[in-house]
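*Asks:* My structure is below; once you've seen it, I'll send some questions.
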Amino acid sequence: MHMENPRYLLAIGTKKGLWLATSTDRRAWDLSEPQFLMQEIPAIGIDTREGRNRLLVGVRSEHFGPTVVHSDDLGATWTEPERASIAFAEGDDAAVERIWQILPDSEERPDVVWAGVQPISLWKSTDGGETFELNRGLWEHPDKSDWGAGYGGAAAHSIIPDKQDSQLLHVAMSTGGVYRSRNGGESWERASKGISAYFLPDPEPEMGQCVHKIAADADGRLYAQNHRGVFRSDNQGEKWISIAEGLPADFGFVMLTHPRRSGTAWVIPLVSDYERVAPEGHLAVHRTDDAGETWHKFDDGLPAKDFNVVLRDAAAVDDGDPAGVYFGTRGGSVYASGDEGESFVEVASRLPDVLCVRAAVLHSGGAAG
């Protein structure tokens, strides 16, 4: 997105509250005071469709439980529904534990917002995120009894609505793998073939993988950061191939893709599931510009030593030109790059454990609270 005098918003969800940062050049940032202090913020969506600057935030209170709140003035005021916007019906015999993902759909579907929830479930809003309806096709899938919980819980953490085909939708979960719908979510089929699961009797099963994150590039090609393994699918998840060669390690949580340029993706490798730190204790972002054929390491502006982990949603890409790349660590540092990951500046340090980072180019007007 090219915009004269752009203004950027960075939303940082942590274990103990929400911070907002704004910038005009993605190098100098103004950081707000915390909001929702002492509440967990595991999910954020920034909706800039049709001229909006809407913040959608999944808030988890130890006392009141999880809900979705929204702000149309960049955090100056918040709207919270009287009844939880995401709630199971009485007969579902389930309760919402955590909102893992909030995703505004494409420009062509300006009122649709998706949410991924624990227990593993997919929810759809058709009113901009005010209210959500449970996707019954996934909730009642015959594989459901075999889906398990990852180390952090049972998460429906990746939702990819196809930009061109409104009927095509991919969801990834930990644990369970990747599932695909060709009919707008009415029914779902497994789409994990080729993704490994060394911890299962069959190392290449049809389902049950602990996929950490999936993302789609501008041409709809899919990428996956797995619990060991980095993969790509050129056929909508029908088959996945490894693209880990050239990376220092194939474990990690982050998978980001470029909003406009096909073949460009970013990962942040960690040594392994047994050693969850960056190789040699040095955080670095790795980018491919040829769909995983080659990888390039970028660490300009990052600390020489940092033994903290970057979680799956604690990283984001904006749609600026060039695209901005952002991530936060479990040690509370947040970094921003205005040049597609080639150099970084520190936006914040010593925040609580960073769970979610989202960034966007703002429409004119509004102020971060």
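Each reported figure results from applying straightforward, stated rules to the coordinates on display, with no laboratory input. The model shown is predicted, which means the values in this text are computed figures rather than measured ones. Ideal geometry is used to build each Cβ from the backbone, glycine not excepted, and the neighbour counts take in all protein chains shown.
*Asks:* Between E186 and E275, take the C-beta separation as r, use R0 = 45 Å, and let me know the FRET efficiency to the nearest 0.05.
*Replies:* 0.60
*Asks:* Indicate the gyration tensor shape class of the chain (rounded, prolate or oblate), computed on the Cα atoms with a ≥ b ≥ c the square roots of the eigenvalues: a/c under 1.5 is rounded; otherwise a/b larger than b/c is prolate and the rest oblate. Before the final figure, lay out each step's value.
*Replies:* Numbers: a/c = 1.38, a/b = 1.04, b/c = 1.32.
Verdict is rounded for the chain.
*Asks:* Let me ask something else. Work out from phi, with θ = phi - 60° and the Karplus expression 6.51 cos²θ - 1.76 cosθ + 1.60, the ³J(HN,Hα) of each residue of the stretch 115-128, listed in order in whole Hz, and give x for Gly and Pro.
*Replies:* 9, x, 9, 10, x, 3, 6, 10, 10, 10, 10, 10, 10, x
*Asks:* Can you give me the distance in nm between label points at Y198 and R350, each placed 7 Å from the Cα along the Cα-to-Cβ direction?
*Replies:* Placing both labels 7 Å along Cα→Cβ, they lie 3.9 nm apart.
*Asks:* Multiply the residue separation of T24 and E130 by 0.36 nm, subtract the distance between their alpha-carbon atoms, and state the gained length in nm to one decimal.
*Replies:* Value of the extension gain: 35.2 nm.
*Asks:* Can I ask one more? Classify the stretch 238-316 from the C-alpha gyration tensor, please: rounded if a/c falls under 1.5, else prolate or oblate depending on whether a/b exceeds b/c. Could the numbers behind the result be given before it?
*Replies:* Numbers: a/c = 1.74, a/b = 1.44, b/c = 1.21.
It is prolate, given that a/c is not under 1.5 and a/b is the larger ratio.
*Asks:* If a/c stays under 1.5 just call it rounded; otherwise compare a/b with b/c (prolate if a/b is bigger, oblate if not). Do that for the stretch 46-99, with a ≥ b ≥ c from the square roots of the Cα gyration tensor eigenvalues. Present the calculation step by step, with values, prior to reporting the outcome.
*Replies:* Working: a/c = 2.83, a/b = 2.00, b/c = 1.42.
Here the stretch 46-99 falls in the prolate category.
*Asks:* Any idea how many Lys pairs in the chain come in under 17 angstrom at the alpha carbon, given 8 or more places apart or on separate chains?
*Replies:* Count of close lysine pairs: 5.
*Asks:* Can you order the peptides 20-28, 332-340, 250-258, 301-309 by their average number of other Cβ atoms within 10 Å per residue, highest first?
*Replies:* Packing order, densest peptide first, comes out as 250-258, 332-340, 20-28, 301-309.
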